[in-house]
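Chemist: Structure provided below as structure tokens; questions to follow.
Any read-out appearing in this document is the output of simple, stated calculations on the displayed coordinates, not a laboratory observation. None of these values were measured; they are calculated from a predicted model. Cβ sites come from the backbone with ideal geometry, for glycine too, and all protein chains shown count toward neighbours.
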Amino acid sequence: RRPLWENNDAYASQLMRHSRCDVSECLYPHGRERSEGQGPWRLLLCSSCAAEGTHRRCSSLSNSTTSWECDGCAGVGTCKGQTAACCRAAARQGLAA
């Protein structure tokens, strides 16, 4: 006999791969939900959580970039993977290490 949670697809959403660009201003002309397999419009998922994504161009990444980390996983306030402006703002707020 199968457990109840197997019968009602309770975890079906966990099997779906994240597939959208989550930056505040997505630049892809075909929208956040679309991407290409190569080049500037390839969608990269966060290498730590895979719960957020970005097109390479939307995050100013080169076409050779193969991994990316979202702000949450990069450690907001630690300045890892963030721009100098973000680090200065975090420092002003007392968040930077």
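Chemist: What residues have an amide H closer than 5 Å to that of Trp68, excluding those fewer than 5 places away on the same chain, when H is modeled at 1.01 Å from N in the peptide plane?
Modeler: Hits under the 5 Å cutoff: Ser47.
Chemist: Check which residues have an amide H placed less than 5 Å from Arg56's amide H, if you skip close sequence neighbours.
Modeler: Here the answer is Arg42, Leu44, since their amide H atoms fall under 5 Å of that of Arg56.
Chemist: Relative contact order, percent, of segment 15-75 when contacts are C-alpha pairs under 8 Å separated by at least 6 residues?
Modeler: 33
Chemist: Give the peptides 24-34, 64-74, 40-50 in descending order of average Cβ contacts within 10 Å, highest first.
Modeler: The peptides rank, most packed first, as 40-50, 64-74, 24-34.
Chemist: Counting only the backbone N, which residues of segment 49-65 are under 15 Å from the spot 7 Å out from the Cα of His18 toward its beta-carbon?
Modeler: Residues 49-56, 59 fall inside that zone.
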